[in-house]
Each structure stands twice: as C-alpha cells, then as structure tokens.
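Only one structure is covered here, and it is reproduced in the block below.
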Amino acid sequence: MKKFQKNQLLLSVLVFLLLFTHSTPFVYANEHAPDGTDDTEKTYAPYFYVENTTPGIDSFPLKETHVTANVSGTIADVSITQVYSNEGNSPISGRYVFPTSTRACVHGMTMTVGTQMVTARISEKETARETYEAAKSEGKTASLMEQQRPNVFTMDIANIMPGDVVSIQLHYTEMISPVEGIYQFVFPTVTGPRYASSTPSGREASSDAWIESPYLPQNVQAEGIYDILVNLSTGVPIASLSCKTHEILTQWQDNATAHISLTDAADYAGNRDFILEYQLTGRTTCAGLTLLEGSRAGLSENFFLLSVQPPEHVEAKMIPPREYIFILDVSGSMSGYPLETAKKLIRNLVSGLDGKDCFNLILFSDESYLLSQSSLFATTANIKNALAFIDQQEGYGGTELNVALQTALALPEREDTARSVVIITDGYISGETESFDIIAANLNSASFFPFGIGTGVNRYLIEGIAKAGQGEPFIVTDDEDAEETAEKFRTYITSPVLTDIQLEYNDFMVYDVSSHIPSTLYAEKPILLFGKWRGEATGSIQITGKTGEEDFALDIPVTPDLISSDNKALPYLWARNRIQQLTDYGTYESNPDISREVTQLGLTYNMATPYTSFIAVLDTIRNPEGESTDVNQPNPLPLQVSNLSIGGYQNLSEPGILLLTALAAGMSLLHRQRSRSPKRRSRKGLS
C-alpha cells in the first residue's frame, strides 16, 4: 500500500510539473510558424484560453449573437447577427470560429460600424484575404468570412477601435425535409474542438490552422448574449412542436404558424445545438415538383426541385445474415457523459442482434483495440464479453478514426453475409475527407452507419460518412435517445423502404442535376432532386424501385402550371447541392477543374465556398498607426464535453515532450499496480 501511495505521489508531481512548465505554450499556441518553416507540416490543436494580462485589451470582443430563422414550408431563411465591441482602450482585431448547418448556403453578409453599413462582396479566397490584410495594415475596419469546412466558418474583424460597436449580419438558406414524418430545424451554436492526427495528409494540413483556437474550460460559461427566434409557418396545421435541447416559449398565431423564442436568457444557449422538432397533420404527399422559370426571376436558366416521399417500411419476409462491426470512439472528448451515452447505445445495438448474425468491436482513441481477430456469432456469452469490454472504458487520448476504419475493413469477410460498419463518435476530427475517401474505396465490401453522440456533434463528418458509405446518419443527444435510436437502426437495416432505385426523365429536358440518388433508401424521408431544365414544361419524371418484395413505380407529370416565380431560393439550393456534390464528401483539392467550377459557382451565386469568401471594408482610415492586438475569441466547450477534449499538448516543446514521456511512464507504473486487481481487464481484446 505504501509503495502504491508513493507511485500516486510521483504521478501527481509529474502532472503538476507538466502543467506548470507548459501553461504558457497553451496561451501562445495560435502564433504563426516562424519564418522559414513550412506551416503545412505543422499539426494544429485547440488550446485552453488564458486571460490576456496586457492592460486595455478586450479579450471577448463578441458580445451578442442574435439568430432569426424564418421557416416557410420546407425552406429556412436564417439571419445571424454578431455584435462585436471593444471595451478596452487599445485597437484590437478579432477572430471567431463558428458553425452553421451542413446544408446552409451562405449568400449574404453586411458589416455595420456605428451608422455606416457596408455590403460585403464575394471574392476569390486569396484575393479576399489579400484585401483584408491590406485594409488591416492601412488602419481600415474590415471583416472577412472564410469557409473552413461546409459547417465551419471563421470571422476576422480588423481594427475594432476603443468604444466601437461592429455588427456583422450573415444570411443563409437551407432546406428542411422530414424523416419518419418528423421535421427538424437544427441550428448549431458551437464548434467542438477538433483533433488533428499527428501525421495529417498534406491535403488537409494547410487548411487546418483554424483548429488552433482557444476554448474555455468545461462548465465555464461564455460571456455575452445568445438568443434564437424561429418564425415557423407550415401552411398546414402543426400536430406537435418541441425542443429538448433548450427551454422555449411558443406563441401561436394560428394552428399553422408559431413564433418560438428562448424562455430563459440567463441559460446560455450557445454551447449546444438548438434542435426544434415538429410534425404536421395528415400524410405527406407522395411527390411534389416545383419549376422556376428563370426569365420570370431575372435569371438566364430554369431550375427545378423534385421531392418524392417513399412508401412506408415493409416488414421483410426473409432477412439474410449480417455482420456488424461496431467502431466506438473512446477518446478524451468522449469522456464522461458522451461515452456513457454511447455505451448505452451500443448495449442496445449489440443486445438486439440475431443469433445468426455475427459482430466485432473496435475501440479507438490514439490506437485501435480489437475485440476479436475475426467476427463472433451473436451468442449470449460473446455479447456478455463484448459488453464487459465496453463497460471498463473511461475516455482518453486522441481520435484516430481513420486507423480504426482501416482496421475494420482489413477484417476477413464472411461469405453470403452483408457487412455493416457502425461508427459511434462525436466526430471531433479534422481529417474528414480522408475518412470519406477510405469509405468510398470500400463500398463494395460494406455499408456504413454513423452515430453522432453529444450536444454539439460534427455533423459534417456524421452526415458525410452516411453519404459516402450509402448508409444513414443518426444523432444521439442524450441517453434517452439511445434505445429509440437503436430500434430505428434495426428497422432501417432489416426493412429499407426502397431498394434498386432508378430515375428516368421522359420528354423533359434536364441538365446539371446536382443531387445524388441512393441505390437504397433506409429511412422514410423524401428523395430530393435539384436540377436545371430547358425547353417546354412537358413530359414526366419516373422513379422505380422495390419495396420489400413488391415493385414500386411513381410517375410525376411535368406541366406548365407547376411554373412559379416565387421560388427565389431554388437557384441557391441548386448551387449548394452542386458544390456539395463536387467538394463536401471526398478528395477534390488536387482537381483544378473542380476548383474552377466551385469558384465560379461561388462568384455567380454570391456564395461562400472553399474557394470564395465574403469581404467588407469601411473605406476610412480609422487607425492611422495600423497597429492592433490580435484577439482570438474563445469558444465554450460543447455542453457535457470534458477538458480532456483539448489537445494543446501537441504544441509542447522538446522539454515538454520529455515531461510528457515521464508522465506516461508514471501512468504506466500506476496502471501496472492497478492491473493486479482481478477486476481489471486488458483493452487489447478478449480473443
């Protein structure tokens, strides 16, 4: 016992030394690489915010965020107003990392300083950055919005003078479609900390600098105001409306119109996704076709949107044996509540397996841990051992998802067995496109079903895995969702609503169709098709497939009375879907044809893209000396995400690495002492 206590004391001293001697690098982790070094070879990491002690510097310039979403039918028109001010006595230039919906088409931005408003213009990304830097050095107030991921943006504001109030308003449009009859309006409020692999691909590394952002410690509330208002107008009576993520106040104008606001302003809303769910009365129509004639809307081209509601689930008469490979994230960001929620989910998933099914389990953080070298039949004993393997996990380390994917796909395949890979994670990685590439290269061997765990999931990764892997995404915000979501997954796997889906156009001339039609549709949700058309509004669109053992066919007539000039959002939605098709879910940086097309789409439709940014400059020199202090606005950690999610240790200097090595040795010693207990099990697998 005395020896064990001595080991604990040694470990405590090592932890103290590590934190004491390396608190400063966390503060300065956002500095650029010294001249002469290659920034693309650097591994970026988030870090804990440490208050700036320089007198007169306002370290929290973002004071207010106001969100107004006008949801009309299936179109959400969203305005975000960010209010920055400088309450210090020195000029500052601020940066803020913020999320949007993965489906958002950001197509407008204004900047207001006092009584002067400037409408931002869209420019090629490099040109916009050069314009911003020039304005900053000249002492002009300027703002620059850049897309880092389809759902992550950065806002830079130069030369916020003492006493200034700078208001930035963003405008985006997205489409909302129901799943199993339930509509969801999701507004992400916080970007979770991203883990960057220690060996990032060159493709990703150069665009990862935004990851090096400051975060407040767990349970520390951000300063400022964050409010959300949703004006919902559905056209048909609303059967139910709820929000489990935030307390809301609902004011009904009539049975199809509601105004939703937050109940308690003191309950900070900006540390978790805002998720509003609602259902409508009556059955959803089978199909809807909308035509926009460009000449009526001042456009040179015509656009269309087709929405097809599939049939209901049909119970399968014959279910072939399946192999399930479960990949569970046990990294530091999953520590605590997220991991406990994931454990409950996977218990439900594994316990529901049929005896003729087989399964395997991979746990991953910095490394991957395999349950068995080959998949096991779903016997009571094997399931019990797997659950014991899961229950001991606590969450620590990095998030090497791609290594886990490769481990799963290297497992020997079973004949006459359909393989499904189930990935359970919060998605806090930076190498998303590498994951998509791995999945896309293995579509012939498996389908992929991601489960996002937590209150601020990286939906770009979760939705992207499903898109690339021809599966279906799931989001589990708390343990109450676990059982219901597991049951929904079983239904999707055993009874897809539509298979062998085919699409045909008859005497209707279409081109530039920007949507992907899956070969299998697992959930009861509409098939959405965006495209352009020319000539006469005649002919038909036919969708065929199989529902259970039966043939399915739906013929949608195209007629002139479907033409409308009111659907002004259609061009934006088409362009966003086209860009998504080109760039969102796989490698594209090395293809100059794609970069040129996406750049042109951004410039034509006034949209933020990977290659186009919004830039606004107030053409007045307000800071003649041109000197300001750069301030990175810290984000709160997503609700229930622990301090273990922060990877600032990746920026340690060499002495820090030595201390970290000593810390690891101390932890290893402590682990060996604990492992003598018969209740401890090895994470290296059970067979």
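Going down the table (63/136; 467/532; 344/384; 467/488; 344/525; 384/488), which pairs top 20 Å between alpha carbons? Correct reply: 63/136; 467/532; 344/525; 384/488. The separation of the range 130-204 from the range 362-404, counted between C-alpha centres, amounts to 36 Å. Projected label points at residue 416 and residue 300, each 7 Å from Cα along the beta carbon direction, are separated by 6.0 nanometres.
Compactness of the range 377-534 is given as radius of gyration and Dmax, 18.0, 62 Å, from Cα positions. Other residues within the sphere of radius under 14 Å centred on the Cβ of residue 134, judged by their own Cβ, net out at -3 (K and R +1, D and E -1). Computed 3J(HN,Hα) for the range 512-519, one whole-Hz value per residue from the Karplus formula 6.51 cos²θ - 1.76 cosθ + 1.60 where θ = phi - 60°, is 6, 5, 10, 10, 9, 9, x, 6, glycine and proline marked x.
Near residue 243, once Lys and Arg are set to +1 and Asp and Glu to -1 for all other residues with Cβ below 13 Å from its Cβ, the sum equals -3. In this calculation the C-beta distance from residue 568 to residue 630 is compared with R0 = 45 Å, giving a FRET efficiency of 0.70.
Using a/c under 1.5 as the rounded threshold, could you call the range 335-414 rounded, prolate or oblate? The axes a ≥ b ≥ c are square roots of the C-alpha gyration tensor eigenvalues, and prolate needs a/b larger than b/c, oblate otherwise. Oblate, because a/c is 1.5 or more while a/b does not exceed b/c.
Taking one quarter of the surface of the C-alpha convex hull of the range 116-163 gives a mean projected area of 4.2 nm².
In terms of the mean number of neighbouring beta-carbon atoms within 10 Å, the peptides 420-426, 504-510, 466-472 order highest first as 420-426, 466-472, 504-510. Ordering 381-388, 325-332, 73-80 by mean Cβ neighbour count within 10 Å, with the highest value first, yields 325-332, 73-80, 381-388. Distance between the 7 Å Cα→Cβ label points at residue 116 and residue 81: 2.1 nm. Within the shell of other residues whose beta carbon sits under 13 angstrom from the beta carbon of residue 533, the net charge comes to -3, with Lys and Arg scored +1 and Asp and Glu -1.
Here the peptides 145-151, 536-542 are ranked by packing, the mean other Cβ count within 10 Å, and the order with the highest first is 145-151, 536-542. Computed extension length for residue 90-residue 549: 158.1 nm, one decimal, from 0.36 nm per residue of separation with the Cα-Cα distance subtracted. Quick check: from the Cα gyration tensor, does the range 423-481 come out rounded (a/c under 1.5), prolate or oblate? Here the range 423-481 falls in the oblate category.
Multiplying the residue separation of residue 314 and residue 499 by 0.36 nm and subtracting their alpha-carbon distance yields 65.4 nm. Summarising the label geometry, the points placed 7 Å from Cα in the beta-carbon direction at residue 277 and residue 177 lie 2.0 nm from one another. Could you list the residues of the range 65-81 with an amide nitrogen less than 15 Å from a label point located 7 Å from the Cα of residue 233 in the Cα-to-C-beta direction? Correct set: 69-78.
For the pair residue 396 and residue 221, the difference between a 0.36 nm per residue extended length and the Cα-Cα distance amounts to 60.7 nm. Averaging over all projection directions, the Cα-based convex hull of the range 443-547 occupies 8.3 nm² in the image plane. Element breakdown for the range 147-238 at a 1.4 angstrom probe: carbon and sulfur atoms account for 52% of the accessible area. Does anything in the range 155-186 have its amide N under 20 Å from the 7 Å Cα→Cβ label point of residue 130, and if so which residues? Zone members listed by number: 156, 158.
The values are calculated or read from the model by the stated rules, or taken from the named source; none is laboratory data. All values reported here derive from a predicted model rather than from experimental measurement. Ideal geometry is used to build each Cβ from the backbone, glycine not excepted, and the neighbour counts take in all protein chains shown. Keep in mind that these areas ignore ligands, DNA and RNA; they rest on the heavy atoms of the full protein, side chains included. Shrake-Rupley method; radii C 1.70, N 1.55, O 1.52, S 1.80 Å.
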